Amino acid sequence: MRPGFALEVDERTPPALVRSAGDVRLERFSLGTQIVYPPDGQPWGDAVAATAAALAAPLSGESLTGRLRPGMRLTITFADSSVPAPAAADDPRRVVVEHVLSAAAEAGVDDVALVAATGLRRRLGADDLRRILGERVSRSFAGDPRLSSHDASDDTGLVTIGEAEDVQLRFNRRVVESDLVIHVSVVTGREHAGWDEFASGLASAETIDAAYGWKGSAAPLLEAVQSRIEVLGVAVVLGQPSWSGALRFLSSREWEWSLKDQAAYLASRRALATAPVQTGRLLYANRTVDYPIMAVVAGDLSEARDAAQARLAQEQTVAVKGTADVLVTGVPSVHLAAPDNDSSPLGAAWWVLKHVYGLGGDAPVVRDGGAIIAFHPLGDRFSTRHHGAAADVIAEVLPETLDPEEIATRFLPRFAADPWYTDLYRQRGAYHPLHAFHQWFAIQPAIEAMGDIIFVGANRRTAEAMGFRAATTYADALEIAATRLGRRPAITYVRDGAGVQVAVS
């Protein structure tokens with residue numbers, strides 16, 4: 001596998017591929033721009049052997065078989081369908097869950113349950129669970145309440161484990177009452193694995209808001225969870241996704257495109273120009289890709305996360321020269337966020353201003369007072385069934401105020417208490433109404449740090465409602481940024497933010 005690298009644009013550099021939701025385009029970048037390329041993809045690897053080795057010799061404590069005993073209550077929890085994106089052709093959680101179930105059966109453990117740690121994200125349906133766990137497990141638990149997706153608003157399924165500032169800290173009852181919990185994480189970015197993922201995926205909505213909402217503190221929740229629940233963490237580290245077939249050009253470097261890749265790109269462009277929405281869904285909906293298994297680690301959730309993140313950084317990190325004045329990124333189509341349509345503009349903003357903005361970790365890729373240019377339509381063709389609350393936040397809340405403090409005190413309680421939003425979340429696969437607010441809160445550090453945030457090809461009304469600027473073309477976006485940064489800013493373009501981290505030298 002070739003490592004990632006930063007290419008400095010010169011006269012010979014071809015135009016670079018840019019993603020904009022379902023659209024793809026080639027954009028010519030100015031001389032001196034640094035284009036960050038992720039590592040190449042590679043074959044799948046032996047997930048079965050890696051899982052068996054990790055569970056036989058965890059980083060600390062007994063092996064899996066040493067922790068199992070007849071008559072115990074065992075619960076397997078797993079991260080939700082938002083990871084990995086795009087979806088894996090063979091999800092690694094299937095391998096881990098099948099291994100644990102086989103070991104439990106051999107040890108005489110009869111009381112086993114599986115819980116998707118979905119938190120405020122949409123609860124998983126049968127198709128989601130089948131894609132993650134595979135036919136064998138999903139068939140075995142079909143119609144069985146022991147296979148479930150966490151419900152953050154189900155009073156009967158939650159139990160109080162503590163209190164913080166007059167908020168009852170409530171957690172998934174089955175998980176709390178288990179003798180052993182095994183939490184399975186998929187690690188493709190800095191935000192994955194660990195106690196925060198576990199706690200935010202299995203607490204009540206009110207608890208999640210108190211811990212991870214505006215000016216929240218996670219410490220009381222994490223302390224209560226760690227003192228009450230025995231958890232063995234299993235983290236699967238994935239490498240760069242590898243597109244194949246007609247979409248192979250997405251993960252190939254432009255100067256290495258074959259004639260087939262060039263033809264596939266041109267065919268995609270023609271189809272997108274004729275029917276952009278339908279073609280975008282045809283290209284990306286239900287598409288799966290192969291991921292390399294870089295590592296499987298097991299142990300305490302904290303140490304498993306640390307080991308997994310260290311391995312991920314080893315594979316993903318690309319060095320760039322200097323902090324950018326302008327950070328440029330595309331936004332991929334994320335259909336797992338809403339199976340019947342695309343993600344919301346808030347989801348696109350989160351990808352740009354939380355995920356890509358944070359690729360440098362403690363050393364930001366773009367300087368304070370700089371600009372971010374992103375490619376996304378911020379349109380209204382997203383799923384209002386899955387993102388109904390987000391649609392109303394954009395239409396009703398943000399035009400009145402962008403201030404997170406006012407939003408948290410004036411609007412959030414009303415949305416959280418609305419039975420219509422809650423019913424959509426519990427029964428119809430929608431995101432919890434708090435999710436949209438938390439996305440807005442999460443992007444505030446980037447909003448406060450940046451002089452300009454510009455979306456190329458964006459719906460102007462939506463962009464203005466969110467406090468961003470809209471540009472028709474990339475050249476127009478640079479003109480807007482030039483009023484603050486001059487005519488020759490240092491530009492870094494992250495070609496694919498799904499499988500890379502940036503180290504600024």
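The values are calculated or read from the model by the stated rules, or taken from the named source; none is laboratory data. Note that the structure is predicted; figures quoted are calculated from it, not measured. Neighbour counts run over all protein chains shown; Cβ positions are idealised from the backbone, glycine included.
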Legend entry - Extreme residue, farthest from the chain's Cα centre (by Cα), among residues of region 483-503 that are closer than 16 Å to Gly32 by Cα and aliphatic (A, V, I, L, M): Leu485
Legend entry - The listed residue being in contact with a Lys or Arg (Cβ under 7 Å, 6 or more places away or on another chain), under 30 Å from Pro84 (Cβ atoms) and of a type outside the set (A, V, I, L, M), out of Arg381, Arg385: Arg385
Inset, instruction - Determine the pairs where a residue that is more than 13 Å from Leu180 (Cβ to Cβ) and assigned by TED's automatic domain parsing to the domain that holds Val109, located within region 52-77, has a partner that is among the β-branched types (Val, Ile, Thr) and surrounded by 13 or more Cβ atoms within 10 Å (Cβ to Cβ) with Cβ atoms under 6 Å apart, the partner being 6 or more residues away or on another chain. - result: Ala54/Val296; Ala54/Val297
Inset, instruction - Determine which single condition Leu17 fails, assuming it passes every other condition in (1) in a strand (DSSP E or B); (2) at positive phi. - result: (2)
Legend entry - Wholly enclosed helices (runs of 4 or more DSSP H) of region 195-248 bearing at least 3 residues without any contact (Cβ under 8 Å) to a residue 12 or more places away in the chain and under 21 Å from Glu405 (Cβ atoms): none
Inset, instruction - Test Ala224 against the criterion of being over 18 Å from Ala85 (Cα atoms), in contact with a strand residue (DSSP E or B) (Cβ under 6 Å, 6 or more places away or on another chain) and crowded, with 16+ Cβ neighbours inside 10 Å, and give yes or no. - result: yes
Inset, instruction - Only one of these is more than 17 Å from the chain's Cα centre (by Cα) and in contact (Cβ under 8 Å) with a residue 60 or more places away in the chain: Ala430, Ala458, Ala436, Ala442. Name it. - result: Ala458
Inset, instruction - Would you check which residues across region 87-102 are of a type in the set (Lys, Arg) and surrounded by fewer than 23 Cβ atoms within 10 Å (Cβ to Cβ) and list them? - result: Arg94
Legend entry - One residue from Phe171, Phe141 being surrounded by 21 or more Cβ atoms within 10 Å (Cβ to Cβ) and not polar (S, T, N, Q): Phe171
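Let's see how each residue does on (1) modelled with pLDDT under 95; (2) surrounded by 23 or more Cβ atoms within 10 Å (Cβ to Cβ); (3) under 20 Å from the mean Cα position of the chain (by Cα); (4) assigned to a helix (DSSP H, G or I):
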position: Gly66; (1), (2), (3), (4): no, no, no, yes
position: Gly71; (1), (2), (3), (4): yes, no, no, no
position: Ala85; (1), (2), (3), (4): yes, no, yes, no
position: Ala104; (1), (2), (3), (4): no, no, no, yes
position: Leu129; (1), (2), (3), (4): yes, no, yes, yes
position: Glu135; (1), (2), (3), (4): yes, no, no, yes
position: Glu163; (1), (2), (3), (4): yes, no, no, no
Inset, instruction - Filter region 481-498 down to the residues that are in a loop (DSSP other than H, G, I, E, B) and among the hydrophobic types (A, V, I, L, M, F, W, C), then identify the one that is surrounded by the most Cβ atoms within 10 Å (Cβ to Cβ). - result: Ala498
Inset, instruction - From Val18, Val96, grab the single residue that is in the same structural domain as Arg122 (by TED's automatic domain parsing) and out of contact with any His (no Cβ under 9 Å at 6 or more places or on another chain). - result: Val96
Legend entry - Selection count, region 106-121, where residues are surrounded by 18 or more Cβ atoms within 10 Å (Cβ to Cβ), in contact with a helix residue (DSSP H, G or I) (Cβ under 7 Å, 6 or more places away or on another chain), in a loop (DSSP other than H, G, I, E, B) and on the phi < 0 side of the Ramachandran plot: 3
Legend entry - Residues located in region 464-495, provided they are more than 27 Å from Trp440 (Cβ to Cβ) and touching a helix residue (DSSP H, G or I) at 6+ places or on another chain (Cβ under 8 Å): Pro489
